[in-house]
């Protein structure tokens, strides 16, 4: 598995990316890595990490990352998950929190709000898929103006194929997840863009109902990629959450 690393310190942060893979290294990552060790893996089957045949759904990926934390003997880890990564983090949390200090869920997938399903990204064109991720279309314009390399095209296709394997049916959620979210006992914060076209902002309230004592931060003028579109503000919320719940004996 490819894992990018940044920063140094006694505190470890694990960032779990969304369906599009690890975004280009943004100021968000630099802010989180300040004074800490930041680990940013490519999920199996995404980016430059090889696929694993027996990982067939998001709960499998959650167990994989719990094994990953055991393997590197990481303790008191702060897990930050975006979109698909937030879903993986939640599936980890309901199973085993022994190595985790806190959870930060950024526009997480994984549960369903009746009447407001996740947008069907599998039918979006390439341009729609980029434009619908942002409120500020300047970000989309800059991405669309870039000519992708053959390697980037291959990675995008692998990401799309693996996400389809994980989330094709049911579309983008696990029917069994919501009823177990009450098991999350570590401090949790939720960050959401008010202009999210993929997962409507109403989902933020739904998550706060299911996760005990979760805090919620809604970002104005922001779509589904707060770590890119509102990198500084998102990092400030996550950093504050991590700092508040670092140090001392774990609960």
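Quick one: in region 204-219, which of the residues that are assigned to a helix (DSSP H, G or I) and without any contact (Cβ under 8 Å) to a residue 40 or more places away in the chain is surrounded by the most Cβ atoms within 10 Å (Cβ to Cβ)?
Out of the qualifying residues, it is 204.
Counting just the residues of region 69-89 that are in contact (Cβ under 8 Å) with a residue 60 or more places away in the chain and assigned to a helix (DSSP H, G or I), which one comes out nearest to residue 10 (Cα to Cα)?
For region 69-89, the residue satisfying everything is 89.
Per-residue answers, yes or no, for (1) within 17 Å of the chain's Cα centre (by Cα); (2) at positive phi; (3) surrounded by 15 or more Cβ atoms within 10 Å (Cβ to Cβ):
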position: 44; (1), (2), (3): yes, no, yes
position: 47; (1), (2), (3): yes, yes, yes
position: 51; (1), (2), (3): no, no, no
position: 56; (1), (2), (3): no, no, no
position: 65; (1), (2), (3): yes, no, yes
position: 74; (1), (2), (3): no, no, yes
position: 79; (1), (2), (3): yes, no, yes
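Condition first: touching a residue at least 24 places away in the same chain (Cβ under 8 Å), surrounded by fewer than 16 Cβ atoms within 10 Å (Cβ to Cβ), in contact with a strand residue (DSSP E or B) (Cβ under 6 Å, 6 or more places away or on another chain) and not in a helix (DSSP H, G or I). Can you find one or more residues in region 152-169 that meet it?
no
Take the residues in region 222-251 that are outside any helix (DSSP H, G or I) and touching a strand residue (DSSP E or B) at 6+ places or on another chain (Cβ under 8 Å); name whichever of them is surrounded by the fewest Cβ atoms within 10 Å (Cβ to Cβ).
Here the residue is 250.
What is the residue count in region 1-28 for residues that are crowded, with 19+ Cβ neighbours inside 10 Å and without any contact (Cβ under 8 Å) to a residue 60 or more places away in the chain?
1
Sort out which residues of region 214-231 are more than 14 Å from residue 193 (Cβ to Cβ) and either out of contact with any helix residue (DSSP H, G or I) (no Cβ under 6 Å at 6 or more places or on another chain) or modelled with pLDDT under 95 (or both), and write them in order of number.
Hit for region 214-231 is 215, nothing else.
The values are calculated or read from the model by the stated rules, or taken from the named source; none is laboratory data. What you are looking at is a predicted structure, and each value in this text was computed from that prediction instead of being measured. Glycine also receives a Cβ, built like all others from the backbone with ideal geometry; neighbour counts cover every protein chain displayed.
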